[in-house]
Every structure is written in C-alpha cells, then in structure tokens.
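Have a look at the structure below, then the notes.
The values are calculated or read from the model by the stated rules, or taken from the named source; none is laboratory data. Note that this is a predicted model, so its numbers are computed, not measured. In this analysis, Cβ positions are derived from the backbone assuming ideal geometry, glycine residues included, and neighbour counts consider all displayed protein chains. All accessible areas refer to the heavy atoms of the entire protein, side chains included, with ligands and DNA or RNA removed. Shrake-Rupley method; radii C 1.70, N 1.55, O 1.52, S 1.80 Å.
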Amino acid sequence: MANAEVAARPDSEGAGQRVIVVGAGLAGLTAALNLRDTGWDVLVLEARSRVGGRVHTLHGGIDGVALDPGLHAEAGGESIDEHHSEIQRLLRRFGIATERRPGSTSDRVGQGRARREGHTSSFVDLLSLRGGAVYADYQRVGDGLERLVDDYGIDAEHPESADRAAELDGQSFAAWIDALELLPEARFVVEQANTSLYNAELRDLSLLFIVQQVAATAGIPDAESETMRVAGGNASLPKAIAAELGPAVILDAPVTAVRRTAEMVAVMAGGKEYFGAHVLLASPPPALRNVDFEPALPPAIAAALAGLDLGGATKVVNQFHTPFWRAAGESGYSLTDLTYRVSWDAADSYDTDAGVLTTYTTANNGRTLAALGDDARIERVRAELALTFPESRALLAGPAATMAWSNEPYTGGGYALYKPGQVVAFWEPLRAGTDRIHFAGEHLEAPAGYMESAVRSGVRAARRLGVR
C-alpha cells in the first residue's frame, strides 16, 4: 500500500488499461482483485488511513482500543452465514480460517433475554405469553412477507420489474405491520428485531425493499445464519487483499472530483489527478455527496446518490471479568425497548476467559447514542445493560470501546436502507451506472448489509467490466 504523497502514476500514461476504484472496503478491494486477475491495471483510492471500510476489527491494546490484549471485537461487519459463498471463496484464496460461533442466530436469540416495559424475561418466555399466541402472531409477519414474494412475483435481482412494484415500493414496512394488528408483545419483537436487522425505523423502509430481502434469502434454513467470523478478526480479509494488491492501494486519498471525457476519466484525490478508462465508485452514497462530477451525472443516478441513506448504527463493546451469561446457560443476546436495542457475545467464536458483550443500536436510537461523546455513550449503555443484566455492573472490567458509524465521515451510517419510493427509482440506475462510471457496495446487492453483500457486489462490478 502507498500513501497519496508517494503514489506513482498520477498521469494519463496507460489510462486505457486502468480501472480506478474509489474505496478500499470489501466491495472495492474484491472488485480490484478480480479486475487485476482478468488483465486490468487497477488503482484503489482510499480516503482513510486503513483499508476495510465498514469491516473494522478492534484489537485490545492496539491503536488505543480499550480492551485487554488478546481480545478482539468487531466494530463493523460481524458474522458470516453458511451460504455466504463468495466471501468464503476469498478466505480460502488467502488461506484465512474462520472461527465458529455456537449455533445460529435463532439459537442464540432463543437463549437470550427480552426487556420490555420495565420487565426482563427470557426471550422464550416472552414469546410463550398468552398461551403461545404471541409467537403465533410473530410468525404471521414472516408468513405474510413470504406470501408477498409469491403474490407480486419478486425477483431479488430486479425488484423494480415486479408486478405492481410501485405499489409495494410506495408503502412503508410500518404501515403494512400496522394493518396486521399484532398483539403488543408480538409488535415489540417485530419492531425491535426488524429495526435492528434493517438498521432503520420501520416507517423509513420501503415494503418492496423488505420483500426483496425476504426473496433473496428464501429457502435458506435459519440454522445457517451468522454461524462464523473470520479467525482473528474480520479485518484480516481486507488487509490480505490489500497486501496482494500492494502499491495499487493508496491510502489517505479522499476523492473530491471525477471528470469524464469520451476516452477516459480523471479522478482528483489527495491533491493529485489519476486517469483511467473507468472509475468504480465503491463507497456508500453519503460519502459520494461531496464529490464533484463533471459533467453532471444522469439525473436518476444523481438523485440516488442524494437520496439513498444508511441507517444509524452504533456499537458499544464492554469487557467483563467473566462471560456471566454463559454460566446461566444464556447466549448474551438481548432485545430491549431501551435506547440500546440488542446485545450479543462478541467473543463466542474464540477462546477467552473474559466476557465481551457488544450492544448494537440502530435507526433513531443509534443516532441518539452517536450524538453523545464516547464516555457518555458508554455509560448510558452500561446503565441500561444493568437493567437487562443486573449482574453486569459488578463484573465490568475496565474501559469500553465504541463506534458510531453515522459519525464516520467516509461512511455516514451502518448499511443501506431504501425508503418508500426509492427501490423503483434508485436500484437499477445505480447498478447500471454509465459507460465509464460504475458503482459497487452492499447497497447494490440483495440481501443488503452483509460482508457477503459487499463481496458479491465487487464480483458483479468486475464481471460487468469484463476481461481486458
């Protein structure tokens, strides 16, 4: 990797064989690797002083991370599913192992706690209320979404082409749930779980977007969900890709302008101008709003970059002397109506005597926590954890680590959310790009929001440009 001050090739020599990739997250790095494999010269421009984007592992004792040495936790992308084939293919290429988590998401939820209206119970007990009617009501939501997939003929790759796509797209997920008239306890589970899953308030989510996500995962067993992490930390993968790309990856090079001519593109970054045949913008839309495009982008693409947001996503990682939840036969998972939304065991995939618990807070609550300073954010979460896990206060071990993605200037949030009316308008224009300006990122894959989504997007973008 190189620094922008010492990077070579800022001139137009060889531009016809070069693709400039903006963003060294998983999407951009995957695309660059595949493009180079097929004969393209590549140049990756990264605004930060590190690679990985929203894949960011916190290692205790390194770079000021307030965890004990030997511990690590994920500040960004967390888990890999069994069927996430593209990221696993990349891991095999680089000889990087995975570490198994105990069970799947549904297993860990079933061994977790729920905090609702001042009362804490096991998650199973909550769903068992009213003689099992709460669980049955909760199931109605999943069943109803699956029926919408069939009734509207949803193709996850082309949701905008579905029968009456605009009808679904114009409705919010919240409005659809309102019409089900769920029991209060079931409504709590549906709201909190889906707000965390899609990192947005349900009123801010297009129903077509939700149904697209359901279509993309149809037929995949729950037992395959979130079963592993990358051994030693998820950031090992982007670091390995960047190491193979070597000096083609330039750090500390925020892009400020993209100029297109009939023959090439010129990208201004870090005070230098770089030339290529194509530019692949593998950064989330909020990060591209400060880039000047000449000539202006087509109206549909410009509208998508201006309107497509990422949800508020804030993590706080607390360390404990022991994983006390395990002694109780629990997973560390919790779902609450407090400010923090969910928690999980951040160290359940590797051996340690310490307990590491991550809280994950999305949507408006995530932005509320992001607005606090780090110390105030950590203390608020600790106070709320003590309501859900009364034993936690006495077992706290030292400082905590935190990441508020909506405060991160080159990201602007957690991951993609399509608001009502945005799927039909934005999905295809962004995926298609122009003749020389292309786009990649988790926001252009279904399902969105996963590390696998980013890798798939990088593969798709490279395939579109073809063999050189």
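Yes or no: E46 closer than 30 Å to V124 by Cβ, acidic (D, E) and in contact (Cβ under 8 Å) with a residue 24 or more places away in the chain? Reasoning before the result, please.
Working: closer than 30 Å to V124 by Cβ: no; acidic (D, E): yes; in contact (Cβ under 8 Å) with a residue 24 or more places away in the chain: yes.
In short, no.
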Of all residues in the range 1-55, count the ones that are in a helix (DSSP H, G or I), at pLDDT 95 or above, of a type in the set (G, A, S) and open to solvent by 10 Å² or more (accessible area, probe 1.4 Å). 0
Do any residues in the range 125-143 that are open to solvent by 70 Å² or more (accessible area, probe 1.4 Å) have Cβ atoms under 7 Å from those of residues that are not in a helix (DSSP H, G or I), where the two are at least six apart or on different chains, and which pairs are they? R130/L183; Y135/S128; R140/L180
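Mind listing whichever residues of the range 321-360 are closer than 20 Å to Q192 by Cβ, over 22 Å from the mean Cα position of the chain (by Cα) and acidic (D, E)? Before the answer, list the steps.
So the first thing to find is which residues in the range 321-360 are closer than 20 Å to Q192 by Cβ, and the list is 325, 330-346, 357-360.
From what's left, over 22 Å from the mean Cα position of the chain (by Cα): 325, 330-331, 337-338.
Residues satisfying the conditions are E330, D337.
If you scan the range 306-357, which residues turn out to be open to solvent by 30 Å² or more (accessible area, probe 1.4 Å) and among the aromatic types (F, W, Y)?
Quick first cut of the range 306-357, residues open to solvent by 30 Å² or more (accessible area, probe 1.4 Å) only: 306, 309, 321-322, 326-330, 333, 337-338, 344, 350-353.
If the condition is that a residue be open to solvent by 30 Å² or more (accessible area, probe 1.4 Å) and among the aromatic types (F, W, Y), then Y333, W344, Y350 are the ones that fit.
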Could you check the range 426-438 and list, in sequence order, the residues that are open to solvent by 10 Å² or more (accessible area, probe 1.4 Å) and touching a residue at least 60 places away in the same chain (Cβ under 8 Å)? F426, E428, P429, G433, T434, R436, H438
With (1) closer than 20 Å to R54 by Cβ; (2) surrounded by fewer than 21 Cβ atoms within 10 Å (Cβ to Cβ) as the list, and T388 as the residue in question, which single condition is left unmet? (1)
I'm checking my understanding of the structure. Among residues of the range 70-106 that are more than 30 Å from G398 (Cβ to Cβ) and small (G, A, S), which one is surrounded by the most Cβ atoms within 10 Å (Cβ to Cβ)? S104
Hey, can you tell me all the residues within the range 404-425 that are open to solvent by less than 50 Å² (accessible area, probe 1.4 Å) and out of contact with any Asp or Glu (no Cβ under 9 Å at 6 or more places or on another chain)? W405, S406, E408, T411, G414
Checking the conditions here, which among A296, A300 is among the small types (G, A, S), open to solvent by 10 Å² or more (accessible area, probe 1.4 Å), in contact (Cβ under 8 Å) with a residue 24 or more places away in the chain and closer than 28 Å to Y418 by Cβ? A300
Selection count where residues are in a loop (DSSP other than H, G, I, E, B) and open to solvent by less than 20 Å² (accessible area, probe 1.4 Å), scope the range 243-257: 1
Condition met for L67 (at pLDDT below 95 and either in contact with a strand residue (DSSP E or B) (Cβ under 7 Å, 6 or more places away or on another chain) or surrounded by 17 or more Cβ atoms within 10 Å (Cβ to Cβ) (or both)): yes
Write out, first by first residue and then by second, each pair whose Cβ atoms fall under 7 Å of each other, whose residues are 6+ apart or on separate chains, and whose first residue, in the range 208-224, is touching a residue at least 24 places away in the same chain (Cβ under 8 Å) and of a type in the set (F, W, Y) while the second is part of a helix (DSSP H, G or I) and open to solvent by less than 50 Å² (accessible area, probe 1.4 Å). F209/V423
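Is it the case that some residue within the range 358-373 is open to solvent by less than 10 Å² (accessible area, probe 1.4 Å) and closer than 14 Å to P102 by Cβ? Spell out how you get there, then give the answer.
First, the residues of the range 358-373 that are open to solvent by less than 10 Å² (accessible area, probe 1.4 Å): 358-359, 361-363, 366, 369-370.
Of the ones still in play, those that are also closer than 14 Å to P102 by Cβ are none.
Scanning the range 358-373, I find no residue that is open to solvent by less than 10 Å² (accessible area, probe 1.4 Å) and closer than 14 Å to P102 by Cβ, so the answer is no.
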